[in-house]
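Accompanying notes for the structure given below.
Quick note: the coordinates plus some simple rules give every number you see, no bench work behind them. Predicted, not measured: the structure shown is a model, and the values here were computed from it. We place every Cβ from the backbone using ideal geometry, glycine too, and count neighbours over all the protein chains shown.
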Ligand code: SAM
């Protein structure tokens, strides 16, 4: 990789190799108040987006599930119940602060018997080939520097027949909604971040990173290019969020 290669961090252009540490700074800062802020910012709607993700996961007792960029473990906790005593859930994230909150929540929720926690980079997953029935990455891919590399890494560790679900902010499909959403994102979110977490910058990054993320069709194309089959997506809340699905054949 050339040393002068750049990428975006929100609306800023930064050296390619600096993005991961900047993202790490954001999530180290937001970790203690992450769950509260999620509920406040989305007015609880993120729970419905995640419920739909669980419905499309097709996870059954005995399955192995990777909740990648799983942070504080919302999905991992639910998967723990679905896979039962014979299955396993790996809560994986690059950030030790987010994982620390996630590990405590899994433990408190009685999920320790079938969950593991792993500090990993989505771009280079340290798991065996063909080892998971399902991988979810919720609101995580946006923050990954090399998304194509990460998608290929996910494909490698999925079992044939397994599926990847990418839950991520996307592009609103109606203009009026888009305008309202911009006003909310760039005015309300940083103020809420300042008031609740004493951190306006991280929530400004959130709003900017959403705008820089590939739209529905582009992400579908990236999944296909990485080798996923039967890729499709489902818009939720007018396309503010989309759930992408792809299979390993
Ligand atoms: N999945 C959780 C949820 O939906 O509530 C947490 C989402 S949080 C917005 C994004 C997470 O992605 C953070 O915990 C961050 O540390 C993680 N992340 C960012 N870059 C990553 C990478 N390259 N590999 C793994 N995790 C990463």
Q) Which distance in nm do the two modelled labels at residue 184 and residue 86 give, with both placed 7 Å along the Cα-to-Cβ direction? A) 4.3
Q) From the Cα gyration tensor of the stretch 125-249, with a ≥ b ≥ c the square roots of its eigenvalues, which class applies: rounded if a/c is under 1.5, or else prolate if a/b is larger than b/c, or else oblate? A) prolate
Q) What Rg and what Dmax come out for the stretch 1-68 when only alpha-carbon atoms are used, in angstroms? A) 17.2, 48
Q) Taking only DSSP H segments of four or more residues, each worth -39500 (n - 2.57), what value at 222 nm results for the chain once the sum is divided by all its residues, to the nearest 500 deg cm²/dmol? A) -13500 deg cm²/dmol
Q.
Mean-square fluctuation check for the chain, GNM, Cα pairs under 10 Å: which of 223, 154, 37 is largest?
A. 37
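Plugging the Kirkwood radius over Cα pairs into Stokes-Einstein for the stretch 157-204, at a temperature of 4 °C and a viscosity of 1.567 mPa s, what D comes out in µm²/s?
Numbers: Rh = 13.3 Å.
Answer, rounded: 97 µm²/s.
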Q) Can you pull the three principal axis extents for the Cα set of the stretch 87-183, in Å, largest first? A) 47, 33, 23
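Fully extended, how many nm does the chain gain between residue 43 and residue 195 (0.36 nm per residue separation, minus their Cα-Cα distance)? Present the calculation step by step, with values, prior to reporting the outcome.
Numbers: separation 152, 0.36 × 152 = 54.72 nm, distance 1.60 nm.
Here the segment from residue 43 to residue 195 would lengthen by 53.1 nm.
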Q: Principal axes first, then extents: for the Cα atoms of the chain, list largest minus smallest coordinate on each axis, whole Å, largest first.
A: 47, 40, 39
**Q.** Longest to shortest principal axis, alpha-carbon extents of the stretch 43-97, angstrom
**A.** 34, 27, 13
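Please report the relative contact order for the chain, taking Cα pairs under 8 Å with a sequence separation of at least 6, and give it as a percent rounded to a whole number.
On the way: 479 pairs, mean separation 47.4, N = 249.
Normalised by residue count, the contact order of the chain is 19 percent.
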Q: Identify which of 180, 82, 54 has the largest mean-square fluctuation in a Gaussian network model of the chain, with springs joining Cα atoms closer than 10 Å.
A: 180
Q: Quick one: among 113, 213, 174, which has the greatest mean-square fluctuation in a GNM of the chain with alpha-carbon springs under 10 angstrom?
A: 174
Q. According to the square roots a ≥ b ≥ c of the eigenvalues of the Cα gyration tensor, what is the shape class of the stretch 187-249, taking rounded for a/c under 1.5, prolate for a/b larger than b/c otherwise, and oblate for the remainder?
A. prolate
Q: Output the relative contact order of the stretch 27-94, whole-number percent, from Cα pairs under 8 angstrom with separation of 6+ residues.
A: 30
Q) Out of every Cα-Cα pair in the stretch 1-118, what percent are more than 25 Å apart? A) 32
Q.
Assuming 0.36 nm per residue, please report the length gained on full extension of the stretch residue 112 to residue 152 beyond their Cα-Cα distance.
A. 11.5 nm
Q: Pop a pseudo-label 7 angstrom from the Cα along the beta-carbon direction at both residue 16 and residue 177 and give the gap in nm to one decimal.
A: 3.6
Q | Percent RCO, i.e. relative contact order, over the stretch 183-237, from Cα pairs under 8 Å lying at least 6 residues apart | A | 22
Q) Among 7, 136, 72, 86, which comes first, then next, by fewest other beta-carbon atoms within 10 Å? A) 86, 7, 72, 136
Q. By how many nm would the segment from residue 218 to residue 124 grow when fully extended, if each residue of separation counts as 0.36 nm and the alpha-carbon distance is taken off?
A. 31.6 nm
Q | Considering only the chain, percent of DSSP beta bridges that pair antiparallel, nearest 5 | A | 45
